[in-house]
Structures are given as C-alpha cells and as structure tokens.
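What follows is a single structure, written as structure tokens, with notes after it.
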Amino acid sequence: MGNQYLDPNLKIFALNSNPVLANEIANFIGVELGKCSVKRFSDGEIQINIEESIRGCDVYVVQSTSAPVNQNLMEVLIMIDALKRASAKTINIVLPYYGYARQDRKARAREPITAKLVANLFETAGATRVITLDLHAPQIQGFFDIPIDHLMGVPILADYFKEKNFTNEDIVIVSPDHGGVTRARKMADRLKAPIAIIDKRRPRPNVAEVMNIVGNIEGKIAILIDDIIDTAGTITLAANALVENGAKEVYACCTHPVLSGPAIERIQSSNIKELVVTNSIALADEKKTDKIVELSVAPLIGEAIIRVHEEQSVSTLFD
C-alpha cells in the first residue's frame, strides 16, 4: 500500500461479490480493508460477523448486487444491520452495480417496480448513503430518500479510446437503441466525434428486426456504447449491422459486463474487435477472453469515497 489515509474513522469493508475491486479501492485510498467474516449455515442462511470495533466510524461497504443477485443483496442488507447494531456513525453502501435497476417502472399491467423495492430495503435496513455507478435509469436516484452519489463510467471508457489516437474524423459513437442516446452524446462530446443511432423495428410479431442506422458510419470506426451488456444480443446484432452498412471496424464498450447466458459466445463470433468493460462486476475466469478489455473503476470510486468523507464536492470529478 502506498500513501496511508490518516483518518482512522474511515473504514472499508468488502463482502463476497467483488473483493478484488474492494481491495483496489482500499489500496487507492490507503486504508486496510476492515475485518469481517461472511459464512453460510448448511441451509444457506448468511451469517456475518464484524471482527473489529466500528463504533463512531464512517463505514463504506463495497458490494455489487450482480449474480447471484439475491445472495449478494441479502449479504449487504445483513451487513447494514450488523453495522447499525455495532454503532457505526454512518453506513455508506458502495454499489458499483445496482441489481434490479432494469425494473424501474411499470411497463405492463400488474408489474412490480423492483428497483424502488430494493431502494426501500437499503433504507429500512439502515443505510445512510448510497454511492453507485451508471444506474440503468438515472431516475432511480429519486427512489431514495437518503443522499445518493451517482458516478459516471463514460470518462473512463472515453479515456481508453483517446489513448488509441483515432482521429476525430475516423470515429463515430453509436447508441444501440434510442434509450442510450444521452450516454452516446456524453461519450461523443469527450471524443469530439459525431454520433449515430441504431433504430430497431419489428414490422410484425415474429418477423426479424429491421435495423436502420441514423447517421453516417460509412468507412468509419464505430464505437458502440451501452451501460449494461447482458446476453449481448443487442450489441452483437448492432455490430453486425454496422459492418454490413459500411463501418470499417466496430468496438463496443459498457460499464457493467453482466455477460450472462450466450454472451461470450456471441461476442467471440461477432464483428466486435474489442469489448471494453469496467470491473464494476467481477468477471469469472471463463468470461475473460482476448476480445475483452477490463478497466478499473477503483480510482473513481476511491476518489468519491475520500470526497464524501471529507465533505467535498463529488460532481467536480466529472468536470
């Protein structure tokens, strides 16, 4: 560990979803990870024990609620209860990936709004603040009645492509659907590049989707950007459509590599040259391929934790 962070009241704990990222964050700040054990009874019940005093401390718990989602969610809820009962001064939940964020509204009759339910669970358990990264729907911030710091992954992804020294005339930033245009625009502003949008339609049920590309991509290096890549269906179809319509090369990037089901196979056999992701979700070894480039969000989250702890502005991180 390099520089030591001097305030002994700042404590960082890792649960099971992403211990490597938690360790990187602790190293960046210059503190040791707090000691706690997460065990399971034989029937699967979670038992948490905090193995050091945290009375009067500002505690930060790092946990992505990625797969296995319910297990990771339950772990963090039990941890909050343990911290509250051990007299922590503040309980700050660091969620690099917020699970259930895609269920943020009633799209059909009789559907739950699970993203709101999860926010209620955190608050009821006793969290005093949430720090998260690239929520699938930014309005989820309004589901909380406690402070929430919403960090952005776009600058980290944009910096990676800046280092490739593409000229601005060469590249175009592509949103794979209408919903991601704002994100693509933020990326395009940072890279001083134009944007294009893939407009998907299904003329009739059970008829293959028709993809229209709005914007000029001919002869260009296309960079697809999304917040989550799950089964990789949308992104690989988009990449193939771009190449068919004259794009020279296709890169893809996202903040949260959920990569479930057939995702890795699809990416490997697609026209995507490189998929750039962050480590908001820990990638299992079998998902690490030569096409996937992983960038760390530890400096961003570490800096945000220091700023929250020292009562400084977090938004200036993105200026």
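Close Cβ contacts (under 6 Å, 6 or more residues apart or on different chains) running from residues in region 107-118 that are closer than 17 Å to Phe144 by Cβ and open to solvent by 50 Å² or more (accessible area, probe 1.4 Å) to residues that are modelled with pLDDT of 95 or more and part of a helix (DSSP H, G or I) comprise Lys116/Phe143.
Return yes when Asn27 is of a type in the set (S, T, N, Q), open to solvent by 30 Å² or more (accessible area, probe 1.4 Å) and over 27 Å from the mean Cα position of the chain (by Cα) and no when it is not.
no
Does Val308 satisfy being aliphatic (A, V, I, L, M) and either open to solvent by 10 Å² or more (accessible area, probe 1.4 Å) or in contact with a helix residue (DSSP H, G or I) (Cβ under 8 Å, 6 or more places away or on another chain) (or both)? It is true that Val308 is aliphatic (A, V, I, L, M) and either open to solvent by 10 Å² or more (accessible area, probe 1.4 Å) or in contact with a helix residue (DSSP H, G or I) (Cβ under 8 Å, 6 or more places away or on another chain) (or both). Of the residues Ala284, Ala241, Ala298, Ala263, the single one that is out of contact with any Pro (no Cβ under 6 Å at 6 or more places or on another chain), free of Cβ contacts under 8 Å to residues at least 24 places away in the same chain and surrounded by fewer than 24 Cβ atoms within 10 Å (Cβ to Cβ) is Ala284.
Sub-9 Å Cβ pairs linking a first residue in region 302-316 that is closer than 9 Å to Asp149 by Cβ and in a helix (DSSP H, G or I) to a second residue that is open to solvent by 50 Å² or more (accessible area, probe 1.4 Å) and modelled with pLDDT of 95 or more, at least 6 apart or interchain, are Arg307/Ser313; Val308/Arg129; Val308/Pro147, ordered by first then second residue.
Counting only strands (runs of 3 or more DSSP E) wholly contained in region 206-281, the ones carrying 2 or more residues that are under 21 Å from Leu295 (Cβ atoms) and of a type in the set (A, V, I, L, M) occupy 221-229, 249-257, 272-278.
The values are calculated or read from the model by the stated rules, or taken from the named source; none is laboratory data. In this text, all values refer to a predicted model and were calculated from it rather than measured experimentally. Every residue, glycine among them, receives a Cβ derived from its backbone with ideal geometry; neighbour counts consider all protein chains shown. The area values use the complete protein model at the heavy-atom level, side chains included, leaving out ligands, DNA and RNA. Shrake-Rupley method; radii C 1.70, N 1.55, O 1.52, S 1.80 Å.
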